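**Student:** Handing you this structure, nothing more for now.
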Amino acid sequence: MNVLNSFRTGPDENGHFGIFGGRFVAETLMPLILDLEKAYEAAKADPAYKAEMDSGLKHYVGRPSPLYYAERFTEHLRKGAPAGKGAKIYFKREELNHTGSHKVNNVLGQILLARRMGKERIIAETGAGQHGVATATLCARYGLKCVVYMGAVDVARQAPNVFRMKMLGAEVVPVKSGSSTLKDAMNEALRDWVTNVHDTFYCIGTVAGPHPYPGMVRDFQSIIGHETRTQMEEQEGRLPDSLIACIGGGSNAMGLFHPFLDDPTVQIFGVEAAGHGIPSGQHAASLTGGRPGVLHGNRTYLLMDDDGQITEAHSISAGLDYPGIGPEHSWLHDTGRATYISATDDEALSAFQLVSKLEGIIPALEPAHALAKVIELAPTLPEDHLMVVNMSGRGDKDIPQVAEILGTSL
Amino acid sequence: MTTRPITRLDHRFKACASAGRAALVTFITAGDPDYDTSLTLLKALPAAGADIIELGVPFTDPMADGPAIQAAGLRALKAGQTLAKTIAMVREFRKTDDTTPLVLMGYYNPVYIYGVDRFLADAKAAGVDGLVVVDLPPEEDNELCLPALKAGLAFIRLATPTTDDKRLPTVLANTAGFVYYVSINGITGSATPDADVVGQAVARIKRHTALPVAVGFGVRTPAQAAAIAAGADGVVVGSALIDALRGTLDGEDRATAGTVGAVTSLVGQLAEAVRGTRREAAE
């Protein structure tokens, strides 16, 4: 970890980012999250843990991931831009990581921590299946038992990832309660954890949940931003002018953003999933269309009705289909340090196709939301504006779903 | 430390202790399967033998509850139950019963959205005695626990098998009314607690507090209730009552003529078992 980052604002010792965050969990889990916090603090200070992380990230995950100048995408957007406009676009290639997304960065950190704590059974929730696959992968690597909770709706629309997890030896439990998507998978994982406290480690996939998860997962994902900083310095000799990333829970975004939070010249954009459009009410944009509340261990912006009942999110992307967002994003939103915008299903789908054709990179539907907003923003910015978009995952898992939407039968 | 409010809970536990027995605490979900049926059931519970009532506040994402109570909450929400209606239900109940202690049990978000101050004022005025809020551990006492105690409502804390002797004082510090001992690591209505182990846990908690200790999560039958009642100040039954209710619903989850009776009949059997059991441990 870069020492400078310890000067970053949050969380405080109670896990708060401003009014957000906290530890809103059942008493059964309190001793566990206090233990986890202690174990994580000890690990952070232990050079052996850092060495194990560094080695795993390099030799198993395949880091550093490239920072790639997306030349044809840049040129394409310049064509439609006024003279002198059209930002220079870089992709941070997290989709090249082992398992195909940024999720593995965090999972490696948590699994190594679980091993230090002597836990032998790992549980996880997953939406698109990216976090589930990453968790199943590292459990296979270290010989740990793995149970993944996945909404029944997501099991159906992300069949390739379900099969991958099973191949890796994980048990995939389809969750049929509530809306049968990511939030319900998280409820079920929490119920499992309460029941199996003694041998089980809950590997949360995003920067949400009770303290210490939001800060810990952010720390593990911050390697994205640290590398970007160094790589941009090497390639352009300076800092980027803007960063843009998609947000469900917000871990790929937080990982890219966090190392730049204290650089005021760097503009930061988070892109939420607008589903069928914010006015339709069928979306997953907690910051744009929600308000602060308490769910899954933390206070954060949530989609809910006037009685405080959580409402169902909607997004074409299973990974963004969550009615909440990490508490640090809520805080960055309220303080104005980051700007949060949203992209609809249709916008994401066209960006998915455009970038595939222009760059030979098939993005996952999640970063396709960020790419959709790059298409909108880049032409309004000067040509010397350096924009980094986090290519947080690859689109292989989405091929069957996109084919179906486009009317192709495989 | 904040002063502990004295409520109907204290009187009722004292009365049960004087009678040499444990209290029967019954849980139902407010508005399940609809407001009117639920209110009728609520009013019938004391006569059926309930000493204390826990009224569940429905929430979409009840992370500590098993399938029975999850489904009960969703039935109630579908029928239009809200926190405001649950408070109204207590107000109605109090028109005919001013002695049975009533505790609201649920999750924080509906209360947070209702507004903490407004909620405490309305709940107190309606005749609520205490609150059990599953996702508010002592670390978050500033949110609702301390304001509740100040407003004269007991804040009942859950203690669990994972709450060790080192942590118990933290858990007990701002608890009032009683301590709710969760007899298993798990969700409501799942495993069956071992009465001997539970008895030892209750004894352990009582070394740290003078408050009554009620035991819940997983107590289903009159025989289990009796076994737990021998070593605790109260026995909480929830999922079994919800299951009895659900068993009477029609194909579209609507109440039938037998709905209220199925629950009160089970409450009657549980009460008989609890009342027939002498408390073993001395206070």
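**Student:** Please name all residue pairs, on different chains or six or more residues apart, with Cβ atoms under 6 Å, provided the first residue is in region A:360-373 and is farther than 11 Å from A:Asn252 by Cβ and the second residue is β-branched (Val, Ile, Thr) and surrounded by fewer than 24 Cβ atoms within 10 Å (Cβ to Cβ).
**Tutor:** A:Lys373/A:Ile341
**Student:** Oh, and also: Counting just the residues of region A:74-106 that are assigned to a helix (DSSP H, G or I) and β-branched (Val, Ile, Thr), which one comes out surrounded by the most Cβ atoms within 10 Å (Cβ to Cβ)?
**Tutor:** Only one residue tops the list, namely A:Val104.
**Student:** I would also like to ask the following. Collect the residues in region A:213-271 that are hydroxyl-bearing (Ser, Thr, Tyr) and in contact with a helix residue (DSSP H, G or I) (Cβ under 9 Å, 6 or more places away or on another chain), keeping them in residue-number order.
**Tutor:** A:Tyr213, A:Ser222, A:Thr228, A:Ser242, A:Ser251
**Student:** Do we find that A:Tyr68 is more than 30 Å from A:Tyr301 (Cβ to Cβ), part of a strand (DSSP E or B) and away from chain B (no Cβ under 14 Å) in this structure?
**Tutor:** The answer is yes for A:Tyr68.
**Student:** Among A:Gly326, A:Gly308, which is of a type in the set (Gly, Ala, Ser) and either modelled with pLDDT under 95 or more than 27 Å from A:Tyr90 (Cα to Cα) (or both)?
**Tutor:** Just one listed residue meets the conditions, A:Gly308.
**Student:** Give B:Ala232, B:Ala257, B:Ala240 a once-over and let me know the one that is crowded, with 16+ Cβ neighbours inside 10 Å and more than 21 Å from B:Pro67 (Cβ to Cβ).
**Tutor:** None of the other options fit; the residue is B:Ala232.
**Student:** Let me ask something additional. Condition (residue is more than 14 Å from every other protein chain (Cβ to nearest Cβ), assigned to a loop (DSSP other than H, G, I, E, B) and touching a helix residue (DSSP H, G or I) at 6+ places or on another chain (Cβ under 8 Å)) applied to region A:137-158: is it met by at least one residue? Show your work before the answer.
**Tutor:** Looking only at region A:137-158, we keep the residues that are more than 14 Å from every other protein chain (Cβ to nearest Cβ), and these are A:137-148, A:150, A:152-158.
When the remaining residues are screened for being assigned to a loop (DSSP other than H, G, I, E, B), the result is A:143-144, A:158.
Then keep just the ones that are touching a helix residue (DSSP H, G or I) at 6+ places or on another chain (Cβ under 8 Å); that gives A:144, A:158.
Yes: region A:137-158 contains one or more residues that are more than 14 Å from every other protein chain (Cβ to nearest Cβ), assigned to a loop (DSSP other than H, G, I, E, B) and touching a helix residue (DSSP H, G or I) at 6+ places or on another chain (Cβ under 8 Å).
**Student:** Within region B:226-264, how many residues turn out to be basic (Lys, Arg) and not in a loop (DSSP other than H, G, I, E, B)?
**Tutor:** The number of residues fulfilling the criteria is 1.
**Student:** Of a type in the set (A, V, I, L, M, F, W, C), closer than 23 Å to A:Asn298 by Cα and under 22 Å from the mean Cα position of the chain (by Cα): which single residue out of A:Leu36, A:Leu96 fits that description?
**Tutor:** That would be A:Leu36, the only listed residue that is of a type in the set (A, V, I, L, M, F, W, C), closer than 23 Å to A:Asn298 by Cα and under 22 Å from the mean Cα position of the chain (by Cα).
**Student:** Of the residues A:Arg78, A:Arg72, A:Arg93, which single one is among the basic types (Lys, Arg), within 30 Å of A:Leu381 (Cα to Cα) and in contact with a helix residue (DSSP H, G or I) (Cβ under 6 Å, 6 or more places away or on another chain)?
**Tutor:** A:Arg72
**Student:** Among the residues of region A:273-294, is any touching a residue at least 40 places away in the same chain (Cβ under 8 Å), within 13 Å of another protein chain (Cβ to nearest Cβ) and buried (at least 24 other Cβ atoms within 10 Å of the Cβ)?
**Tutor:** Yes, there is a match, as at least one residue in region A:273-294 is touching a residue at least 40 places away in the same chain (Cβ under 8 Å), within 13 Å of another protein chain (Cβ to nearest Cβ) and buried (at least 24 other Cβ atoms within 10 Å of the Cβ).
**Student:** If a residue must be hydrophobic (A, V, I, L, M, F, W, C) and facing chain A (nearest Cβ under 10 Å), how many such residues does region B:132-150 contain?
**Tutor:** Number of matching residues: 3.
**Student:** Taking A:Ala136, is it more than 19 Å from A:Ile224 (Cβ to Cβ), buried (at least 24 other Cβ atoms within 10 Å of the Cβ) and among the aliphatic types (A, V, I, L, M)?
**Tutor:** Numbers: more than 19 Å from A:Ile224 (Cβ to Cβ): yes; buried (at least 24 other Cβ atoms within 10 Å of the Cβ): yes; among the aliphatic types (A, V, I, L, M): yes.
Judged against the criteria, A:Ala136 is a match.
**Student:** Looking only at residues that are more than 7 Å from chain A (Cβ to nearest Cβ) and touching a Lys or Arg at 6+ places or on another chain (Cβ under 9 Å) in region B:156-172, which one is nearest to A:Ile19 (Cα to Cα)?
**Tutor:** Only one residue tops the list, namely B:Leu172.
**Student:** Report yes if B:Gly115 is over 18 Å from B:Ala176 (Cβ atoms), in contact with a Gly (Cβ under 9 Å, 6 or more places away or on another chain) and modelled with pLDDT of 95 or more, otherwise no.
**Tutor:** no
**Student:** Hey, could you check region A:55-65 for residues that are assigned to a loop (DSSP other than H, G, I, E, B) and of a type in the set (Gly, Ala, Ser) and say which is surrounded by the most Cβ atoms within 10 Å (Cβ to Cβ)? Explain how you work it out, then say what you get.
**Tutor:** As a first pass, look at region A:55-65 and keep what is assigned to a loop (DSSP other than H, G, I, E, B): A:62-65.
Within this subset, residues satisfying the condition of being of a type in the set (Gly, Ala, Ser) are A:62, A:65.
Numbers: A:Gly62: 13, A:Ser65: 24.
Going through the qualifying residues, I end up with A:Ser65.
**Student:** Could you please find all residues in region A:359-382 being among the aliphatic types (A, V, I, L, M) and under 20 Å from A:Gly100 (Cα atoms)?
**Tutor:** Answer for region A:359-382, where residues must be among the aliphatic types (A, V, I, L, M) and under 20 Å from A:Gly100 (Cα atoms): A:Ile361, A:Ile362, A:Ala364, A:Leu365, A:Ala368, A:Ala370, A:Leu371.
**Student:** So, of the residues in region B:173-183 that are crowded, with 19+ Cβ neighbours inside 10 Å and touching a helix residue (DSSP H, G or I) at 6+ places or on another chain (Cβ under 8 Å), which turns out to be farthest from B:Ile6 (Cα to Cα)?
**Tutor:** Going through the qualifying residues, I end up with B:Ser183.
**Student:** Suppose we filter region B:79-107 for residues that are more than 22 Å from B:Leu149 (Cβ to Cβ), among the hydrophobic types (A, V, I, L, M, F, W, C) and either within 13 Å of chain A (Cβ to nearest Cβ) or surrounded by fewer than 21 Cβ atoms within 10 Å (Cβ to Cβ) (or both); how many remain?
**Tutor:** Summing the residues that are more than 22 Å from B:Leu149 (Cβ to Cβ), among the hydrophobic types (A, V, I, L, M, F, W, C) and either within 13 Å of chain A (Cβ to nearest Cβ) or surrounded by fewer than 21 Cβ atoms within 10 Å (Cβ to Cβ) (or both) in region B:79-107 gives 3.
**Student:** Name the residue that is surrounded by the fewest Cβ atoms within 10 Å (Cβ to Cβ), counting only residues in region B:52-74 that are closer than 19 Å to A:Glu188 by Cα and charged (D, E, K, R). Outline the logic, then answer.
**Tutor:** As a first pass, look at region B:52-74 and keep what is closer than 19 Å to A:Glu188 by Cα: B:58-74.
This time we only want the ones that are charged (D, E, K, R), so: B:61, B:65.
Numbers: B:Asp61: 23, B:Asp65: 28.
The selected residue is B:Asp61.
**Student:** Continuing with this model, one more query. Of all residues in region A:169-210, how many are within 13 Å of chain B (Cβ to nearest Cβ), hydrophobic (A, V, I, L, M, F, W, C) and more than 22 Å from A:Leu113 (Cα to Cα)?
**Tutor:** 3
**Student:** Search region A:159-184 for residues being under 26 Å from A:Gly56 (Cβ atoms) and assigned to a helix (DSSP H, G or I), and hand back the single one that is nearest to the chain's Cα centre (by Cα). Full working, then the answer.
**Tutor:** If we filter region A:159-184 for residues that are under 26 Å from A:Gly56 (Cβ atoms), which is where we start, we get A:160-172.
Remaining after also requiring assigned to a helix (DSSP H, G or I): A:160-167.
Details: A:Pro160: 20, A:Asn161: 17, A:Val162: 19, A:Phe163: 22, A:Arg164: 20, A:Met165: 19, A:Lys166: 22, A:Met167: 24 Å.
Restricting to residues being under 26 Å from A:Gly56 (Cβ atoms) and assigned to a helix (DSSP H, G or I), the top hit is A:Asn161.
**Student:** Inspect region A:315-326 for any residue being in contact with a Gly (Cβ under 9 Å, 6 or more places away or on another chain) and surrounded by fewer than 22 Cβ atoms within 10 Å (Cβ to Cβ) and give the result as yes or no.
**Tutor:** Scanning region A:315-326 turns up no residue that is in contact with a Gly (Cβ under 9 Å, 6 or more places away or on another chain) and surrounded by fewer than 22 Cβ atoms within 10 Å (Cβ to Cβ).
The values are calculated or read from the model by the stated rules, or taken from the named source; none is laboratory data. All values derive from a computational prediction rather than experimental measurement. Positions of Cβ are backbone-derived with ideal geometry, glycine not excepted, and every protein chain shown enters the neighbour counts.
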